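A short write-up of the structure that comes next.
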Amino acid sequence: MPITPDTLEQIANRILLKLKAASTLESERLLQMNDYHGFLKARMPQDFLDEILSPYQLTEENVQIEIVKVETDLSNEIHYHENSYAHIVCLGQEYKTEDPKLATAFIENAWVTVRAGYVIRIPPKTPHGFTVDDGGVLVFLSVQAPPIERDGNDDYHRVSER
């Protein structure tokens, strides 16, 4: 099955349903964060990935799924991915995360205020970024194909400081 933007959206919607229905314990398991370019990222456990991706005959070799948390000013981390398409959904209490607060996304060459449920589709080579003002927070689901971290390579290209 080819991976299209619509496929990534369908995968994201399956994840959102699972997050909404998750117990507190399961949410904690899914939201274990690690640092990546100033962001905090949670990689989904293998059993979760298999359940989400198997109906599409895909694996983590084809699609990267993560929950990202921004708690600091990352306005200087505008970047693009040479090959990856991303489907982003801003999360909130409905998905057992914090609602966006003082949060913005850089899309279409402008900073835009985001809220829970906001969806952003990011084609390859498109500059984008996420930041929060002091005291803010943003948690979002990112579904990307192909994965931006592959075979020891990182398809993260910083554009400039703004």
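Which one of these does Ile78 not meet: (1) under 11 Å from Ile11 (Cβ atoms); (2) touching a Ser or Thr at 6+ places or on another chain (Cβ under 7 Å); (3) buried (at least 19 other Cβ atoms within 10 Å of the Cβ)? It is condition (1) that Ile78 fails. Checked against (1) assigned to a helix (DSSP H, G or I); (2) touching a residue at least 12 places away in the same chain (Cβ under 8 Å); (3) not basic (Lys, Arg), Leu40 meets all criteria but (1).
Among strands (runs of 3 or more DSSP E) lying entirely in the stretch 91-162, which contain 1 or more residues that are of a type in the set (Lys, Arg), modelled with pLDDT of 95 or more and under 22 Å from Glu60 (Cα atoms)?
Qualifying strands (runs of 3 or more DSSP E): 119-122.
With respect to Tyr85, is the statement that it is closer than 18 Å to Arg121 by Cα and of a type outside the set (Asp, Glu) true? Spelling it out, Tyr85 is indeed closer than 18 Å to Arg121 by Cα and of a type outside the set (Asp, Glu). Can you name every residue in the stretch 136-159 that is small (Gly, Ala, Ser) and surrounded by 19 or more Cβ atoms within 10 Å (Cβ to Cβ)? Once the filter is applied, which keeps residues that are small (Gly, Ala, Ser) and surrounded by 19 or more Cβ atoms within 10 Å (Cβ to Cβ), the stretch 136-159 yields Ser142, Ala145.
For Val143, are the conditions met, namely being over 15 Å from the mean Cα position of the chain (by Cα) and among the β-branched types (Val, Ile, Thr)? No. Residues in the stretch 121-135 that are over 15 Å from Leu74 (Cβ atoms) and surrounded by 13 or more Cβ atoms within 10 Å (Cβ to Cβ): Arg121, Ile122, Pro124, Thr126. In the stretch 16-32, the qualifying residues are those that are of a type in the set (A, V, I, L, M, F, W, C) and surrounded by fewer than 16 Cβ atoms within 10 Å (Cβ to Cβ), and the one that is nearest to Arg158 (Cα to Cα) is Leu17. Of all the listed residues (Ile65, Ile15), the sole one being assigned to a helix (DSSP H, G or I), within 22 Å of Lys96 (Cα to Cα) and modelled with pLDDT of 90 or more is Ile15.
Can we say Thr59 is touching a strand residue (DSSP E or B) at 6+ places or on another chain (Cβ under 8 Å) and either modelled with pLDDT under 95 or assigned to a loop (DSSP other than H, G, I, E, B) (or both)? Explain how you work it out, then say what you get.
On the way: touching a strand residue (DSSP E or B) at 6+ places or on another chain (Cβ under 8 Å): no; either modelled with pLDDT under 95 or assigned to a loop (DSSP other than H, G, I, E, B) (or both): yes.
Criteria not met by Thr59.
For the stretch 121-149, the set of residues classified as without any contact (Cβ under 8 Å) to a residue 60 or more places away in the chain and within 23 Å of Gln32 (Cα to Cα) consists of Gly129, Gly135, listed by residue number. In the stretch 6-20, the residues that are over 14 Å from Ile67 (Cα atoms) reach residues that are β-branched (Val, Ile, Thr) and exposed (fewer than 15 other Cβ atoms within 10 Å of the Cβ) with C-beta atoms within less than 9 angstrom, at least six apart or across chains, in these pairs: Glu9/Val119.
The values are calculated or read from the model by the stated rules, or taken from the named source; none is laboratory data. In this text the structure is predicted, and so the values were computed from the model without any measurement. Cβ sites come from the backbone with ideal geometry, for glycine too, and all protein chains shown count toward neighbours.
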